[in-house]
Amino acid sequence: MSFQSLKKLRKVLKLNLKNKKVLVTAGTHGIGKAIATQLATEGCYVALFSSTKDRVDEMHNHLLCCGIEESRIICLQADVLDEKSFYLVESEIRKKWGSIDIVINNMGGGGRWGKEDIFKTDEEVWKQVYDKNVTTALKYTMAFLPDMMKKKWGRVITITSIYGRESGGRPWFNIAKNAQTVLMKNLARNSQFASKGITFNSVAPGGIWIPGTGWEEKMDENPEEFRAFIEDKFPRGKMGMPEEVANVVTFLCSEKASLVNGASIAVDGGESHVL
């Protein structure tokens, strides 16, 4: 779909996201970058962070090049495994904007960490993968949930994985992603939040082509084997793109998705096995 076609579709849908304040964790690369860009072009104020300064600077310039005003952007360098960084992000947002309407828990990863043999994988890997995915999502959700309750409107969307809906992948990653899904479902069923117009949903991507995440190396090592892998694993005959995930997230942020609460939505082109 072309950019112009997408703009026309959004006008028809009337997503009503203008001036909503959004936090996108790990918002400088891949899926996070695509989400932050789409929401910014929808008229949202967007705050984001990454542990890598070069990526933070690059994303800041990218948003400015998209025509987003400086006052509508907060780009920070922060490491979620460091307690001080968590308070830095929250305090900077509150100092500049006061509150947040939408939290996108995109920070995660760890699917390739450790070794296939769990006996050769240090216990610290299990802890760090859990903290990056689950603890971070919980902290930022709870930090800004009171804002949403006061406004009687809010969205929390956590980027999980198809392995947050079914078994598969390395166990520390599988456990963490399932825990994220359970967190969103549990909060969605709490009437003190749902009655105030706050929704909690999971978006579960399948294989997404993101530069620098290992897929290029696999393709370069053995192009024929990689092509056979793609054809066997992905029904469309290709991997997904970050923008395709961002499309679903943007809809879930909108007024049009008010009844979608507690869902785990696979965005995988048919890759996963669960119903």
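Structure values in brief
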read-out	value
Of all residues in the range 84-136 being of a type in the set (D, E, K, R) and under 21 Å from Gly154 (Cα atoms), the one that is surrounded by the most Cβ atoms within 10 Å (Cβ to Cβ)	Asp101
Residue count, the range 217-262 (criterion: under 16 Å from Pro205 (Cα atoms), assigned to a loop (DSSP other than H, G, I, E, B) and at pLDDT below 90)	0
Members of the range 107-134 found to be free of Cβ contacts under 8 Å to residues at least 40 places away in the same chain and either assigned to a helix (DSSP H, G or I) or basic (Lys, Arg) (or both), listed by number	Lys115, Phe119, Lys120, Glu123, Glu124, Lys127
Any hit, the range 190-206, residues being touching a residue at least 12 places away in the same chain (Cβ under 8 Å), assigned to a helix (DSSP H, G or I), over 19 Å from the mean Cα position of the chain (by Cα) and surrounded by 14 or more Cβ atoms within 10 Å (Cβ to Cβ)	yes
Count of residues meeting criterion [under 21 Å from Glu123 (Cβ atoms) and surrounded by fewer than 21 Cβ atoms within 10 Å (Cβ to Cβ)] in the range 179-189	1
Count of residues meeting criterion [closer than 21 Å to Lys150 by Cα, part of a loop (DSSP other than H, G, I, E, B) and not polar (S, T, N, Q)] in the range 77-103	4
Positions within the range 6-25 being surrounded by fewer than 20 Cβ atoms within 10 Å (Cβ to Cβ) and at pLDDT 95 or above, in sequence order	Lys18, Asn19
Residue pairs meeting the criteria (Cβ under 6 Å; at least 6 apart or on separate chains; first closer than 13 Å to Pro205 by Cβ, in the range 164-184; second among the aliphatic types (A, V, I, L, M) and surrounded by fewer than 22 Cβ atoms within 10 Å (Cβ to Cβ))	Arg165/Val274; Gln180/Val134
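Residue-by-condition table, conditions (1) under 13 Å from the mean Cα position of the chain (by Cα); (2) modelled with pLDDT of 95 or more:
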position	(1), (2)
Gly27	yes, yes
Ile35	yes, yes
Gln38	yes, yes
Glu42	no, yes
Leu48	yes, yes
Thr52	no, no
Met59	no, yes
Ser71	no, yes
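For every residue, the table says whether it meets (1) over 17 Å from Glu90 (Cβ atoms); (2) not in a helix (DSSP H, G or I).
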| site | (1), (2) |
| --- | --- |
| Thr28 | yes, yes |
| Ala36 | yes, no |
| Leu39 | yes, no |
| Gly43 | yes, yes |
| Leu48 | no, yes |
| Asp57 | yes, no |
| Leu64 | yes, no |
| Ser71 | yes, no |
| Cys75 | no, yes |
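The values are calculated or read from the model by the stated rules, or taken from the named source; none is laboratory data. The model shown is predicted, which means the values in this text are computed figures rather than measured ones. Neighbour counts run over all protein chains shown; Cβ positions are idealised from the backbone, glycine included.
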